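A short worksheet on the structure shown next.
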Amino acid sequence: MLSKSDYMLFLRHPAWLWIKKHARHLLPPIDPSLQARFDEGHAFEPYAEELFGDLVRLGFSDFSEYQALPARTLETWRNGANAVAQGRYEDGTITCISDIVSRSGDGYVLTEIKSGTSAKPEHTFDLAFQRVVLEAAGFPITRS
């Protein structure tokens with residue numbers, strides 16, 4: 001399975017993805033500075049999610065929940081959700097977890113939450129990968 005994280009790692013350098021898949025022990029540990037950036041980004045998400053009043057937040061806390069997340073995501077949509085945060089979508093061998101997907105007419109809007117003040121080139125690739133996965137999974141994106 002190729003995840004969005006795998007794809008983004010590959011874009012940095014193909015060797016990083018190979019190491020992650022075949023020699024994980026060679027990856028450098030996450031240093032405190034990088035962990036702080038991750039934590040800061042996660043802390044920002046609830047503020048952005050408040051913009052979607054009827055949002056259903058999914059997510060996972062362990063590997064079994066991660067594996068069950070695509071089914072939970074589909075069930076949430078089938079139950080009439082208008083917006084889903086941290087849902088997991090997949091088709092064949094590609095998968096992604098999207099920050100927010102919301103209904104809009106006959107399609108869906110893909111919203112990526114970033115705590116930065118400007119868009120970066122890699123954000124385009126991030127959204128493009130998610131769009132490919134979502135549309136292959138039956139969620140036509142009308143805006144991202």
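Output yes when any residue across the range 27-40 is surrounded by fewer than 17 Cβ atoms within 10 Å (Cβ to Cβ), part of a helix (DSSP H, G or I) and of a type in the set (Val, Ile, Thr), and no when none is. No, the range 27-40 has no match at all. Determine, yes or no, whether Phe44 is part of a loop (DSSP other than H, G, I, E, B) and in contact (Cβ under 8 Å) with a residue 40 or more places away in the chain. The answer is no for Phe44. Of all residues in the range 66-94, those satisfying the criterion of being in contact with an Asp or Glu (Cβ under 8 Å, 6 or more places away or on another chain) and of a type in the set (A, V, I, L, M, F, W, C) are Ala81, Ala83, Ala85.
If you go through the range 78-97 one residue at a time, do you hit one that is assigned to a helix (DSSP H, G or I), farther than 20 Å from Leu11 by Cβ and out of contact with any helix residue (DSSP H, G or I) (no Cβ under 9 Å at 6 or more places or on another chain)? Yes, the range 78-97 contains at least one residue that is assigned to a helix (DSSP H, G or I), farther than 20 Å from Leu11 by Cβ and out of contact with any helix residue (DSSP H, G or I) (no Cβ under 9 Å at 6 or more places or on another chain).
Across the range 117-140, the qualifying residues are those that are farther than 29 Å from Glu75 by Cβ and part of a loop (DSSP other than H, G, I, E, B), and the one among them that is modelled with the lowest pLDDT is Thr117.
Taken together, the criteria place Ala71 among residues that are in a helix (DSSP H, G or I), surrounded by 10 or more Cβ atoms within 10 Å (Cβ to Cβ) and either without any contact (Cβ under 8 Å) to a residue 40 or more places away in the chain or small (Gly, Ala, Ser) (or both).
The values are calculated or read from the model by the stated rules, or taken from the named source; none is laboratory data. Just so you know, these numbers come straight off a predicted model, no measurement behind them. Heads up, the Cβs are rebuilt from the backbone with ideal geometry, glycines too, and the neighbour counts pull from every protein chain shown.
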